[in-house]
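The values are calculated or read from the model by the stated rules, or taken from the named source; none is laboratory data. Fair warning: this is a prediction, and the values are worked out from it, not measured in the lab. No Cβ is skipped: glycine too gets one built from the backbone with ideal geometry, and neighbour counts run over all protein chains shown. Quick note on the areas: whole protein, heavy atoms, side chains included, nothing else; ligands and nucleic acids left out. Shrake-Rupley method; radii C 1.70, N 1.55, O 1.52, S 1.80 Å.
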Amino acid sequence: MSLDSSQTMTTPDGRTIGGVVMEMKHITLRFGGVVAIKDISFDIREGEIRAIIGPNGAGKSSMLNVINGFYHPQEGEVWFEGKRRKPMKPHEIAHQGIARTFQNIALFKGMTTLDNIMTGRFTRMKAPWWQQAIWAGPAEREEVANREVVEKIIDFLEIQAIRKTPVGRLPYGLQKRVELGRALGAEPRLLLLDEPMAGMNVEEKEDMSRFILDVNDEFGTTIALIEHDMGVVMDISDRVVVMDYGAKIGDGTPDEVRNNPAVIDAYLGVAHD
Amino acid sequence: MFYREAGDFKTSYAADGQTFPIAFDRWRYMIVVAIGFLAIPLFITEYMANAVLIPFLIWSVIAIGLNILTGYCGQVSLGTGGFMAVGAYACYKFMTGLDVWYVSACEGGANLFFLCTGVATYSVLFELPEFNIAFSVLMGGLTTAAVGLLFGLPSLRIKGFYLAVATLAAQFFLVWLFNKWSWAYNYSASGQINAPTRELLGFEITGPTATAEVKYLFCLTILFLMAWLARNLTRGRLGRSWMAIRDMDIAAEIIGVNPLKAKLSAFAVSSFFVGVGGALFFSVYLGAVEVGEAFGIQKSFLALFMIIIGGLGSIFGSFAGAAFIVLMPVLLKNIMVGGFGWPTDIAAHFEFIILGGLIIFFLIVEPHGLAALWRTLKEKLRLWPFPH
Ligand SMILES: Nc1ncnc2c1ncn2[C@@H]1O[C@H](COP(=O)(O)OP(=O)(O)O)[C@@H](O)[C@H]1O
Ligand SMILES: [Mg+2]
């Protein structure tokens, strides 16, 4: 399939996805002798759900870390919204509208659900510190306005009952959901999810899949996600990148990827001739 | 069912976000404030003020300050005593007319930007007027904020235990500095600083003839304002960025918190509080200060004990911890010396044992301190007399 970067495209199941939001060009990332990512290129398009799959240690999380600035690749270029991105710190990238969740939950354990999501709105709040210090009109109004957005996210994720619970006390599945809420708090342009369903039971996975689809659908958020469960990936994603030992071995729609011999190899270990 | 949250519904997010969302708590708070400002000054005695009330108020300011840095932002500091000293000496300089010198003649060397490489003759360039006490205390706080910012720089690179050691270095350096730097103590022969009489609105706040109730009300007003500022800062965006850094610095970065700004602002705000506390400690409470004695390492530990016992990350806990540490020795002394007739030195030893035991207890059993015990008690009261 050949794509023009500014053109929209239609997926096999009839969804229209937009132009290129983010493009990785020939990314290579090394840790000493270990090559975590080998010359990988792919793009993420407006409004799509883009999955990154591959066995453990394939370099998927490293790729997200490159996108949000924790790792700086030795080679390659990152293009965001049509511009080449210079090396940036993670907090600067957050201000560009890229939010994420982590493979191992990274919530603010001492804070409540509400405060976690409220903290997620950090980039959306502007009142200067001295206005916060005296709780001046603009600071208070901003706090209330943002609280309203947070309440909408809480309703959306159906976590009203744990609003004021310190997140450290919540069960694993709910913590994952709150972490998604915190990322949504930023109203991101691009949302990165690192194994959002890892360690969940079937029911929790279904809930999470539904939330991801709804986020994409209702807010039009572009999503890149890493997932192990092939069933889930095939169900919810528009396009899939497959990685193995740091290299890209497949890229396309779920159907194309499913029938790709190299991918079958990597997943099933079946020899081809 | 003494204490209830049920039936106390909020119809706006502003109401839900206020400091005391529960009507009962709001009433209790107003009553405490009214007692503090109106009732206590009526029957305050010299002993009560000097042994209990004034130290409690001043230590509360300091404990809130340290709690902002350690409890809210997760950066351990053992430099509190040193920062109190900065507040005290800066306040002293502003009270007594800060003098700025320059090199008027430089023999046998080059004069580079006021720095003479040869034999220098100094002259006073200008001297500021003697400021009133409120402004001097404020300047004490602001100067300490700047110094705290400087000593906060290592926190960008090092964490936890190593940062604690770096702040310990600040503690020793600052005490050494105020011992050696004669400009700081106005060249007095004893090396001490003494608070002259200074007024505010016609009332003597400092000096030997200032009265207990005026000193008390001055400290109470400052504490009231400072606690209000701390509360506002910690419930807003800046406070959330501190807590985010404390709980998970990597996640804080990906939501847009600049660790440099969050940590340095915590150091600056915290030091401002500690500096104001140090300025009051010197000018209103002690009146005369020798730096090693008044602002030694023991003060750093005392402040740390207060927030551990009171509760890390809690403004209320800062008050509780300060009250506890100030009151406990007074109570124990009255019981052991006054009640049982024990010698004072044995009583002092017991004081240390009890304090040490309590710190171990809180660290192991209740890391969130008295503030958490208070919360638990409220939960119990809500259910009382039914167990579930
Ligand atoms: N910070 C790091 N330092 C050294 N090696 C790393 C680091 N991060 C990842 N790696 C290595 O890069 C490879 C890919 O890891 P990762 O991206 O976590 O894989 P995945 O998420 O696909 O399971 C692994 O071999 C891992 O050991
Ligand atoms: Mg991974």
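Couple of notes before you dig in:
- If a spin label sat at a point 7 angstrom from the Cα of residue B:50 along the line to its beta carbon, the backbone N atoms of segment B:255-289 nearer than 12 Å would be those of B:285-288.
- Database remark: amide H of residue A:48 closer than 5 angstrom to the amide H of A:18, A:223 (H placed geometrically; neighbours at sequence offset of 5 or more, or on other chains; Pro and chain starts carry no H).
- Choice from A:222, A:119, A:16 with maximal GNM fluctuation in chain A (Cα, 10 Å cutoff): A:16
- For segment B:59-71, 3J(HN,Hα) per residue [Karplus equation, 6.51 cos²θ - 1.76 cosθ + 1.60, θ = phi - 60°, Hz, x = Gly/Pro]: 5, 5, 4, 5, 5, 4, x, 5, 5, 4, 6, 8, x
- When both bridge partners sit in chain A, DSSP labels roughly 60% of those beta bridges antiparallel.
- In degrees, nearest ten, helix B:369-383 long axis to first principal axis of chain B (Cα): 20
- Whole-number accessible area per residue in Å² for segment A:109-185, which is evaluated in the context of all protein chains at 1.4 Å: 41
- Relative to the globular-protein estimate of 2.2 N^0.38 Å, the Cα radius of gyration of segment B:247-332 stands at 1.36.
- Cα-derived Rg to Rh of segment A:109-185, Kirkwood definition: 1.01
- Pair residue B:183, residue B:348: separation of 7 Å Cα→Cβ label points (nm): 3.8
- Here the Karplus curve 6.51 cos²θ - 1.76 cosθ + 1.60, taken at θ = phi - 60°, turns the phi angles of segment B:188-205 into couplings of 5, 5, 7, x, 8, 10, 10, 7, x, 5, 9, 10, 9, 6, x, 9, 6, 9 Hz, with x standing for Gly and Pro.
- With helices as the sole contributors, the protein assembly as shown gives -15500 deg cm²/dmol at 222 nm; each DSSP H run of n ≥ 4 counts as -39500 (n - 2.57), and the sum is divided by every residue.
- Inter-chain shielding of A:183-190 (mean C-beta neighbours from other protein chains, 10 Å cut-off): 1
- Under a Gaussian network description of chain B, with springs only between Cα atoms under 10 Å, the residue in B:317, B:292, B:87 that fluctuates furthest is B:292.
- Apportionment of accessible area to carbon and sulfur, segment B:71-116, percent (1.4 Å): 65
- Scanning residues 5 or more positions from residue A:76 or on other chains, those with amide H under 5 Å from its amide H are A:28, with H placed 1.01 Å from N in the peptide plane.
- Carbon and sulfur %, accessible surface of segment A:109-185 computed with the full protein complex present, 1.4 Å: 58
- Of the peptides B:363-374, A:169-180, the order by per-residue mean of other Cβ atoms within 10 Å, starting with the highest, comes out as A:169-180, B:363-374.
- Remark: mean inter-chain Cβ contacts per residue of A:98-108 equal 3, using a 10 Å Cβ-Cβ cutoff to other protein chain atoms.
- Chains A and B together bury some 2900 Å² of accessible area, summed over both sides, with a 1.4 Å probe.
- Rounded to 5, the percent of DSSP beta bridges in the protein assembly as shown classed as antiparallel: 70
- Residues whose placed amide H lies under 5 Å from that of residue B:104, excluding near-sequence neighbours: B:121, B:122, B:123
- Between helix B:23-34 and chain B: long-axis angle, C-alpha atoms, 0 to 90°, nearest 10: 40
- Segment B:20-146 - Debye-derived log10 I(q)/I(0), Cα point model, q = 0.09, 0.10, 0.12 Å⁻¹: -0.50, -0.59, -0.76
- Simple Cβ-charge dipole of the protein assembly as shown, Lys/Arg +1 and Asp/Glu -1, about Cα centre, in debye nearest 20: 1220
- Each peptide in A:136-147, B:35-46 was scored by the mean count of other Cβ atoms within 10 Å over its residues; highest first, the order is A:136-147, B:35-46.
- Across the cross-link table entries A:176/B:261; A:86/A:152; A:60/A:152; A:109/B:159, which are compared at the Cα atoms, the separations over 23 Å belong to A:176/B:261; A:86/A:152; A:60/A:152.
- Residues of segment A:128-164 with amide N under 15 Å of a point placed 7 Å along Cα→Cβ from residue B:25: A:164
- Student exercise, segment A:109-185 dipole from Lys, Arg, Asp, Glu Cβ charges, in Debye to nearest 20: 240
- Selection from B:241, B:282, B:35 lying farthest towards where the dipole of chain B points positive, charges on Cβ: B:241
- Inter-label distance for residue A:124 and residue A:164, nm, one decimal - labels placed 7 Å from Cα along Cα-to-Cβ: 2.3
- At a Cβ-Cβ separation cutoff of 4.7 angstrom, cysteine residues of chain B with no neighbouring cysteine are B:73, B:91, B:219.
- Debye log10 I(q)/I(0) at q = 0.18, 0.23 Å⁻¹ for segment B:79-150, Cα point scatterers: -0.78, -0.88
- Under conditions of 20 °C and 1.002 mPa s, chain B yields 95 µm² s⁻¹ as its translational diffusion coefficient, taking Rh as the Kirkwood radius over Cα pairs in the Stokes-Einstein equation.
- Computed from phi, the 3J(HN,Hα) profile of segment B:139-155 under the Karplus parametrisation 6.51, -1.76, 1.60 (θ = phi - 60°) reads 5, x, x, 5, 4, 5, 4, 5, 5, x, 4, 4, 6, x, 3, x, 5 Hz, with x in place of Gly and Pro.
- Top positive-direction residue, dipole computed over segment A:109-185 with Cβ charges, set A:170, A:136, A:157: A:170
- Of the residues B:77, B:313, B:227, the one whose Cα sits farthest toward the positive end of the charge dipole of chain B, with +1 on the Cβ of Lys and Arg and -1 on the Cβ of Asp and Glu, is B:313.
- Within segment A:1-128: Cβ-based charge dipole about Cα centre, in debye rounded to nearest 20 (Lys, Arg +1; Asp, Glu -1): 440
- Rounded accessible area per residue of chain B, 1.4 Å, Å²: 48
- Residue-level accessible surface for residue B:131, protein heavy atoms, 1.4 Å, Å²: 50
- Gaussian network model of chain A, Cα within-10 Å springs - most flexible of A:165, A:253, A:28: A:165
- Excluding same-chain neighbours fewer than eight residues apart, the lysines reachable from residue B:333 by a Cα-Cα span under 30 Å are B:215, B:299.
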